[in-house]
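The values are calculated or read from the model by the stated rules, or taken from the named source; none is laboratory data. Computed from a predicted structure; not experimentally measured. Note: ideal-geometry Cβ built from the backbone for every residue, glycine included; neighbour counts use all protein chains shown.
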Amino acid sequence: MAVPIKYNVRNVFVRWRATVATVLGVALVVAVYVLVQSMASGLERSSRNTGDPRNVMIVRKGSTAESSSQVTREQFRLLPYLPQVARNEEGRPLISADVLVLINLPRRDNRGEANVLLRGISHVGMELRPQVSLVSNRWFTPGKREVVVACRLADRFANFGVGDRFKTGGAELTVVGWMAGSNSAFDSEIWMDADEARSIFDRDNYSSVLARANSPADAQALIQRIESDKRLPLRADMEVKYYAGQTMTAVPIRILGNFLATAMSIGAIFAAMNTMYASVGARTREIGTLRVLGYRGFSILASFLIEGAFLALLGGVLGCALALPLHGYSTGTMSFESFSETVFQFRITPTLIGKGLAFSVVVGLVGSFLPALRASRLPMIAALKAV
């Protein structure tokens, strides 16, 4: 015969003073766990939300990111004439070579400096990235040392207002517009003309090449053609797949989140254990009465486990509620792929909330197991005689 669940729920609220500390402790653990994991989810979403399924990304074989890749001009000249490359209405191949440069710039409010990714891009390259849109003023004009800055970067760095100027690579660049990358990796970039970027930063080669294929079948044929051509020591992959794999930054954040949650959960477990031991001590005669009424030791064990889990679940709900206001909050961190500032949003998903609640229940079950075991083993006569 099972102990009615309402008995355990009532005891949690009747002895509310003894349970507040436990609920708050579990809430803090869950809030930290959810927030850190939401950071990793935001970074992963930023990478996975980047690219066009029709495009093929081409980088140097062996490189781990565009910023560490080099594609020579001779290699690039061979690519536009491959039959798998699509052409626009004017008959021009839809292929573009980009230059990526890491520059160091000051943050707003004198909060130090950080690396920012500057992408030299052609007009065709802009056409190949339809998810990027202009949100303020105009696009850059080649040859005039003009740049367009992601609006999320503009919120974090000095001299990024429209009309502002900043110095880098021995040149003074003028910000002529802001762009938005639809929550993609392009929200962390500065764009300017590719050939102008090569000239200013003294780059002989390009960093990567982006090409649009005629069809999915042609995209796979283009990848195989590039991979097998001995003249082209290059690696090709679908752009969406390439960026989806650029999630190295999220890995240490997830590890840190799991470590913090584990370390903090030890304290929460002891808090739950202390609360449940106090509850068992205060309800010794109740436990004896339950045994007289026919409830077995296993039923009492399960009853106290349910009570501990419910207690921790309240903390889990509170912890998720504390974390929710940060959903969608935009911030930045250093990318381990490019070592530049990466802007992302906290993403608190229903799945992540479910994991936080499940985590809190596990903490409650572990913390209440020993007190519940003690309650189930109390001798009936001794329990009834307890004062």
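Can you tell me which of (1) within 15 Å of residue 66 (Cβ to Cβ); (2) modelled with pLDDT under 90; (3) crowded, with 18+ Cβ neighbours inside 10 Å is the one residue 207 doesn't meet?
Evaluating residue 207 over (1) within 15 Å of residue 66 (Cβ to Cβ); (2) modelled with pLDDT under 90; (3) crowded, with 18+ Cβ neighbours inside 10 Å leaves (2) as the failure.
May I ask you to say which residue of 114, 97, 150 is assigned by TED's automatic domain parsing to the domain that holds residue 211, hydrophobic (A, V, I, L, M, F, W, C) and modelled with pLDDT under 90?
Of 114, 97, 150, the one residue that is assigned by TED's automatic domain parsing to the domain that holds residue 211, hydrophobic (A, V, I, L, M, F, W, C) and modelled with pLDDT under 90 is 114.
For the stretch 111-156: of the residues being at positive phi and in contact (Cβ under 8 Å) with a residue 24 or more places away in the chain, which is surrounded by the fewest Cβ atoms within 10 Å (Cβ to Cβ)?
For the stretch 111-156, the residue satisfying everything is 143.
Across the stretch 89-108, what is the number of residues that are in contact (Cβ under 8 Å) with a residue 24 or more places away in the chain and of a type in the set (Asp, Glu)?
Total meeting the criteria: 1.
Residues of the stretch 37-91 being of a type in the set (Asp, Glu), assigned to a helix (DSSP H, G or I) and over 25 Å from residue 197 (Cα atoms), which ones?
44
Restricting to the stretch 65-109, count the residues that are within 17 Å of residue 238 (Cβ to Cβ) and among the hydroxyl-bearing types (Ser, Thr, Tyr).
Final tally of qualifying residues: 2.
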